[in-house]
Structure formats: structure tokens, C-alpha cells
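Before any comments, here is the structure.
Every number in this text was worked out from the coordinates using simple rules, so none of it is lab data. In this text the structure is predicted, and so the values were computed from the model without any measurement. A quick note on method: Cβ atoms are made from the backbone with ideal geometry, for glycine too, and the neighbour counts reach across all protein chains shown.
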Amino acid sequence: MKTFVFAGQIDGYRGLADRSMKISIVTSAEAAPDLVAKISEATRNACTIAISPDAFSPADIDTLDKIKVDYDDGGKTPGQRLRAVMFRMWEQNDERYDTFTDYYNAHMEKLITHFKSKLA
């Protein structure tokens, strides 16, 4: 994804349970279709965020392009992340599992069976 710059302002923020923050940004003018497309492409991707009250110089943009994003999800292991996603799926699903434990065990068994079938 190529670096892009647009003018705007921070409209608000709130702290989240995992101590991260959710920040709302408003563009300073009507968003052109190409800006909308760029923002859409960046959505849910790890990005470098830079904020300045002044315009970025070409050297600033070059520096930003060189930053490597190493997104840290708060230290959760892949297994913890999978379990958290499965919990959200259980909350939103109507598969008739009375407890998350039942849902988790059934779906993990399906995953295990799937990957076991791939073994030689």
C-alpha cells in the first residue's frame, strides 16, 4: 500500500479494554473518490499513522514510507486469538450450543479432523 496524505482532524477517541485506543478522524473537505478508495484499502490493515499540524514535506513522506509496521495484537498467542474469535462467533451464531465450551469443543474437533485428513 502506497503512502497517502489527507487533511483532517481528530474528532474523538476512547480507550478500549485492552488499553488500545479507537480514534475517529474527520476529513477537512469532501473526500474525493480516490481518497475513499485508499482509505478503504487501508481499513483493517496495520498502518503507520502520522499526525502533524503542518503539511508533510517530501522528506517526511519518504521517512514514513521506510517505517516497517510490526503490528502487535497485545501479546495474545495465535491460540488465544483463535479462541477469542470463536467466542465471538458463538455469541453471534444460532447453532444451538448451550455453552461456549460445547461450541468450542465441537468446532475444534472439526478443525482437528480437517487437518488430520491432510496428513500422509
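A few comments on the model shown:
- Count of residues meeting criterion [of a type outside the set (S, T, N, Q) and under 16 Å from Ile49 (Cα atoms)] in segment 12-38: 9
- Within segment 7-64, being assigned to a strand (DSSP E or B) and under 30 Å from Lys76 (Cβ atoms) holds for Ile10, Asp11, Gly12, Tyr13, Arg14, Gly15, Met21, Lys22, Ile23, Ser24, Ile25.
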